[in-house]
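Data block below; observations after.
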Amino acid sequence: MKLDLKILKNKVQKEIDSVKDLKELTEVSKRYLGKKGILTEILGSLKKLPRVEKVKVGKEANQLKNFLRIKLDQKAIEIKEKTRKETEEQERIDFSVPGKKPILGHLHPLTEVKKKTEEIFQAMGFSIVRGPQIENEWYNFDGLNIPKDHPARDLWDTFWLEPESSKLLLRTHTTPVDVRYMEKNNPPLRIITIDRCFRHEATDASHEINFYQIDGLQVEKNISVANFKATIQEFFQRFFDKPVKIRMRPSYFPFTEPSFEIDMLCLNCGGKGCSVCQNTGWMEMLGAGMVHPNVLKNSGLNPKNWQGWAFGMGFERLTMMKYKIDDIRLFYSGDLRFLKQF
Amino acid sequence: MVFSYNWLQSFFKKKLPTPQKLAGPLIMKSFEVEKVKKMKNDWILDIDVTPNRAGDCFSHIGIAREIAAIINSKFQIPEYKIQNTKYKIQDFISLEVRDKNACLRYTARVIIDVKVGVSPKWIQERLISCGLRPINNIVDIVNYVMLETGQPLHAFDCEKLENKKIVVRFAKKGEKIITLDEQNFSLDEDILVIADDKKPVAIAGIKGGKLPEVDKKTKTIVLESANFESKLIRRTSKKLKLKTDASLRYEHGIDPNLTEIAINRAAFLIQKIALGKVAKGLIDFYPKKVFPKKIKLDLDYMEKLLGEKVPKKEIKNILEKLDFKIQNLPFKILTIEIPTKRLDISIQEDLIEEIGRIYGYEKIKPIFPITSLIPSKRNLNIFWEDKTKNILKEVGFYEVYNYSFVSEKDSKIFDLTSLIKIRNPMSGEQRYLRPNLIPNLLKNVQRNQNYFSKIKIFELGKIFKSPKNEKRQLTGLITGEAFYEVKGAVDSLLNGLGISDIWYDSFEPSPKESKIFIWHPKKCAEIKVGKEKIGFLGEISSKVLESYQIKNKVIVFDIDFEKLEKLSLEETIYQPISRFPAAVRDLAILVPQGTKVVEVLNKINIAGGSLVKDIDIFDIYEGKELPQGKKNLAFHIIYQAERTLISKEIDEIQQKIIKILEEDPEWQVRK
């Protein structure tokens, strides 16, 4: 019996060594360790032996069984590794073939920039508000200190609605929202509105009949031109993600006093002068000012107690600068070749 | 407005900076300079004078005063002296003003023995620089003084005035006038005219008439320098569609005290250049004299508003350079006298602007505000809009922004009603405000169909309904055989917005509606959430598509966004994942072509009870191999319970389902 086991061990060893694939290996395993396998049968026949011998042979047989298992496992790993290497050797991928792209949707560039702008102002404590696009003369003009029959009204070319008696119009700016908000909310307040407006003017690369305007307002007991300068500079810095230089020069809006215009040092040429800034080195960004006492009054606030700043900026212009778009009409063209770039 | 550099220089003894160098400080402290342009031996500055400053700065003197303040230099207005003559004005002309609210001031002078001829070169050059054509010395001087002072003037040939009378009155209905440039105008009672004893001789504040024109033979002239109510001139100018250098100035408003200065300056020049003799006396109708106002300026408030302290010495210098008079310099609250030419200054904020801009806005250092920490309010409208847009983007839609208008043609194709009409459209494309988003989305398809085989777009925007309703609408479309793709997108969207109770209801248009129905009558459905109708889904009728030259089919979803937003829910509640395995059995059934899938699903659900976790339809087939009028539906039925289901149990339920399905003799489960 002892001899048998030794011979058996050598035999199995040889058989395992000569195995070529997993199928043959399974057969070897079955032949020795299967239900009717040689070694299984040896172990089964042990109970017939006398006790002393049973212990001795049993121990050796079990050792052989463990040895066999380890050998089989090792061989299996060896074969798998070999096959893996062989397959990998044969497999190829041409990484120059274009990838299969999932079909993605695209948001309009104005939506993307709107989100970013709202985010920056919200971080500075501004609430985002809205108002109607169909306005009456009071909110669009008179309430903003733009008197009827005054040439200042010519600054805002207006679409009027039928019937004439309704005196309704399409708002020419988002500034009416300021008055509407101040009427219903107590200061101190900080708001931003980015929404659609309308101008009755011929379209060209920088003018559209409908467009978006961002309007900002902060009303406090104590707020100044210096504060506005800091706030708007911070906005531009965050928006363009780099240090910017702004300058302030006088302007005129009936609803602010003093009024000013904000220019930004040209991002394209750094102020040297280029085609983007029409060789001035500066880019006109927005109009702003300290809220006119009449506008505060018209909104139900006492100008003796409150003061504020407000600004208005063309939103397409901001977006065009961000993406270097050169024609405002692209935004409303619905051209998918344009839209898929964002 | 254009200004001559040489002319501006003439007010200064010291040499001005070069035109290019002058533009810089002008931009930073007064007005935008649009252009600096060489013209013969002069330079032209195109200055964008703001409407509030027209009163004093639509003139070379006004701009010179600004320059003097900006560059801190001295400027001088030319002197003039009128010589005494033997003539008395009363012997030549009489004046009657019938409406003192329309004509605020009327001054006139008479000059005798004028020699009408060519004006001197320096006047001609300055006029040409400013874009005016020299005519004769009288007309040129009148124009010259307007450009110099900002006061429009007019010269009549005295002998051509009927009965030597000037009457300022409103026109009679039907009265006519031929203007100097030979245009005919029919007048009415709202138009103020200058008339002689019989007929209008000028449209007040706008344009002179042909009749009393100054010509080569003219010997005696009447000079007019008047002030008319600005709104009246603006209305008349708009009504007659007649804009002139004079009307432009009047409609912005002019200081009534300027008429006298200007008329004397003009009389002086005519006396000097056309060798006329100025009659003694000035006819002056000026019932409500305007005096300088006084405004209190609180220096503490100024500092609070600007956020910067301006030294008092600077304040004094700036105000005085701009002709303001300070009455109590040592105090904290100053009283400032405002010259009447500054029509734009009426409150202390106006003065703060004057000081701020000349002092220099660049000197104001940016400082962050100190304020109470009030958190910004969340805007749910924007939150749901962004969420909606993101979901549609994720399922592959492009977002478009279209015009808020539709054309007459759109309105006819869609037979639109309750439209809001634009009173003054720029073109036929903007006849109405859009009552829905579909027409413009179809135009997008039309424009893109040559470049893209499949178009998948949406818009979220305002739509309008008479009389003044506006609301947000969400509309999207996919081209091609995409009904189920659109429906799936709507389901994904609504699920993403936390809405579950979605179903689609058949829609039968009423006979009246069907005539104008833009949808394919058999391929459309109402989108409902619970009992509420929130939108529509379907294929656009080929008749409509033809009108827009669209080749492919177009499937549209059209949802009332206001309703959708109200139904949306932000919270999601986690459902525990079952620890027990699910089993899948397939089932194929032949049903009549008219049978709806939902009928089969309902029966499977009823028969299967709670163990049927989910049913997926994976095939719908109609074809020749099938019996006439039948279609084949194939489902995966997913069984799952809070225990492990054994095979036998599942088979029993599956058999039960088959049995119930086959209760209908027309239905046949394929085994």
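The values are calculated or read from the model by the stated rules, or taken from the named source; none is laboratory data. Predicted model only: the values in this text are computed from it and were never measured. Positions of Cβ are generated from backbone atoms using ideal geometry, with glycine treated the same way; all protein chains shown enter the neighbour counts.
Is the stretch B:483-491 home to any residue that is basic (K, R) and under 19 Å from B:P435 (Cα atoms)?
Residues of the stretch B:483-491 that are basic (K, R), as a first pass: B:487.
Now restrict to residues that are under 19 Å from B:P435 (Cα atoms): none.
No, the stretch B:483-491 has no match at all.
Residues that are surrounded by fewer than 12 Cβ atoms within 10 Å (Cβ to Cβ) and of a type in the set (V, I, T): does the stretch B:651-666 have at least one? The answer is no; no qualifying residue exists. If I filter the stretch B:456-485 down to residues being more than 11 Å from every other protein chain (Cβ to nearest Cβ) and crowded, with 19+ Cβ neighbours inside 10 Å, which single residue comes out as nearest to A:R196 (Cα to Cα)? Per the criteria, the residue is B:Q473.
For the stretch B:438-455, name all the residues that are in a helix (DSSP H, G or I) and more than 10 Å from every other protein chain (Cβ to nearest Cβ). B:I438, B:P439, B:L442, listed by residue number. Against the definition (more than 8 Å from every other protein chain (Cβ to nearest Cβ), within 30 Å of A:D326 (Cα to Cα) and either of a type in the set (D, E) or in contact with a strand residue (DSSP E or B) (Cβ under 6 Å, 6 or more places away or on another chain) (or both)), how does A:D157 come out, yes or no? Judged against the criteria, A:D157 is a match. Cβ-Cβ contacts under 8 Å between residues 6 or more apart (or on different chains), taken from a first residue in the stretch A:321-341 that is more than 11 Å from every other protein chain (Cβ to nearest Cβ) to a second residue that is assigned to a loop (DSSP other than H, G, I, E, B) and hydrophobic (A, V, I, L, M, F, W, C), are listed as A:M321/A:L267; A:Y323/A:F342; A:D326/A:A205; A:D327/A:A205; A:I328/A:A205. Which one is farthest from A:R337 (Cα to Cα), of the residues in the stretch B:424-437 that are more than 8 Å from chain A (Cβ to nearest Cβ) and assigned to a helix (DSSP H, G or I)? If we take residues in the stretch B:424-437 being more than 8 Å from chain A (Cβ to nearest Cβ) and assigned to a helix (DSSP H, G or I), then B:G428 is farthest from A:R337 (Cα to Cα). When B:E314 is tested against (1) at the interface with chain A (Cβ under 8 Å from one of its Cβ atoms); (2) out of contact with any strand residue (DSSP E or B) (no Cβ under 9 Å at 6 or more places or on another chain); (3) of a type in the set (D, E, K, R), exactly one condition is not met: (1).
Just one of the listed residues (A:F198, A:F211, A:F239) is over 24 Å from the mean Cα position of the chain (by Cα) and touching a residue at least 40 places away in the same chain (Cβ under 8 Å), namely A:F198. Filtering the stretch A:7-27 to residues that are over 60 Å from the mean Cα position of the chain (by Cα) and either outside the structural domain of A:G58 (by TED's automatic domain parsing) or surrounded by 12 or more Cβ atoms within 10 Å (Cβ to Cβ) (or both) leaves A:L8, A:K9, A:K11, A:V12, A:Q13, A:E15.
Go through the stretch B:620-657 and report how many residues are in a loop (DSSP other than H, G, I, E, B) and without any contact (Cβ under 8 Å) to a residue 60 or more places away in the chain.
As a first pass, look at the stretch B:620-657 and keep what is in a loop (DSSP other than H, G, I, E, B): B:622-629, B:640-646.
Filter again for without any contact (Cβ under 8 Å) to a residue 60 or more places away in the chain, leaving B:622-629, B:646.
Qualifying residue count, the stretch B:620-657: 9.
Scanning the stretch B:349-377 for residues that are charged (D, E, K, R) and at the interface with chain A (Cβ under 7 Å from one of its Cβ atoms) gives B:E349, B:D350, B:E353, B:R357, B:E362, B:K365, B:K377.
If you check A:Q122 against the conditions, is it polar (S, T, N, Q), in a helix (DSSP H, G or I) and within 14 Å of another protein chain (Cβ to nearest Cβ)?
Values: polar (S, T, N, Q): yes; in a helix (DSSP H, G or I): yes; within 14 Å of another protein chain (Cβ to nearest Cβ): yes.
It is true that A:Q122 is polar (S, T, N, Q), in a helix (DSSP H, G or I) and within 14 Å of another protein chain (Cβ to nearest Cβ).
Any chance the stretch B:114-128 includes a residue that's in contact with a Gly (Cβ under 7 Å, 6 or more places away or on another chain), modelled with pLDDT of 95 or more and either within 20 Å of B:S225 (Cβ to Cβ) or in a loop (DSSP other than H, G, I, E, B) (or both)? Yes, there is a match, as at least one residue in the stretch B:114-128 is in contact with a Gly (Cβ under 7 Å, 6 or more places away or on another chain), modelled with pLDDT of 95 or more and either within 20 Å of B:S225 (Cβ to Cβ) or in a loop (DSSP other than H, G, I, E, B) (or both).
Meeting the requirement of 1 or more residues that are touching a residue at least 60 places away in the same chain (Cβ under 8 Å) and within 24 Å of B:N390 (Cα to Cα), the helices (runs of 4 or more DSSP H) wholly within the stretch B:485-585 are B:561-567.
In summary, strands (runs of 3 or more DSSP E) completely within the stretch A:220-306 and bearing 2 or more residues that are within 13 Å of chain B (Cβ to nearest Cβ) and over 18 Å from B:I358 (Cα atoms) occur at A:282-291. Take B:K387 and tell me if it is more than 9 Å from chain A (Cβ to nearest Cβ), in contact (Cβ under 8 Å) with a residue 24 or more places away in the chain and more than 30 Å from B:I67 (Cβ to Cβ). So B:K387 fits the description; yes. For A:L107, work out the one condition from (1) surrounded by fewer than 19 Cβ atoms within 10 Å (Cβ to Cβ); (2) in contact with an Asp or Glu (Cβ under 7 Å, 6 or more places away or on another chain); (3) at the interface with chain B (Cβ under 8 Å from one of its Cβ atoms); (4) of a type in the set (A, V, I, L, M) it doesn't fulfil. Only one criterion is unmet by A:L107, namely (1).
Look at the stretch B:394-406: where a residue is more than 7 Å from chain A (Cβ to nearest Cβ) and a partner is among the polar types (S, T, N, Q), sitting 6+ places away or on another chain with Cβ atoms under 6 Å, you get B:F405/B:Q430.
Out of the residues in the stretch A:75-104 that are among the small types (G, A, S) and within 30 Å of A:F338 (Cα to Cα), which is nearest to the other protein chains (Cβ to nearest Cβ)?
First pass over the stretch A:75-104, keeping only residues among the small types (G, A, S): A:76, A:96, A:99.
Restricting the remaining residues to those that are within 30 Å of A:F338 (Cα to Cα) gives A:96, A:99.
Working: A:S96: 26, A:G99: 17 Å.
Only one residue tops the list, namely A:G99.
Against the list (1) more than 10 Å from every other protein chain (Cβ to nearest Cβ); (2) of a type in the set (A, V, I, L, M, F, W, C); (3) farther than 28 Å from A:F159 by Cβ, the condition B:I413 fails is (3).
Return yes when B:L380 is touching a residue at least 40 places away in the same chain (Cβ under 8 Å), within 14 Å of chain A (Cβ to nearest Cβ) and surrounded by fewer than 17 Cβ atoms within 10 Å (Cβ to Cβ) and no when it is not. Yes, satisfied. Checked against (1) closer than 30 Å to B:L392 by Cβ; (2) in the same structural domain as A:I325 (by TED's automatic domain parsing); (3) part of a loop (DSSP other than H, G, I, E, B), A:K115 passes all but condition (3).
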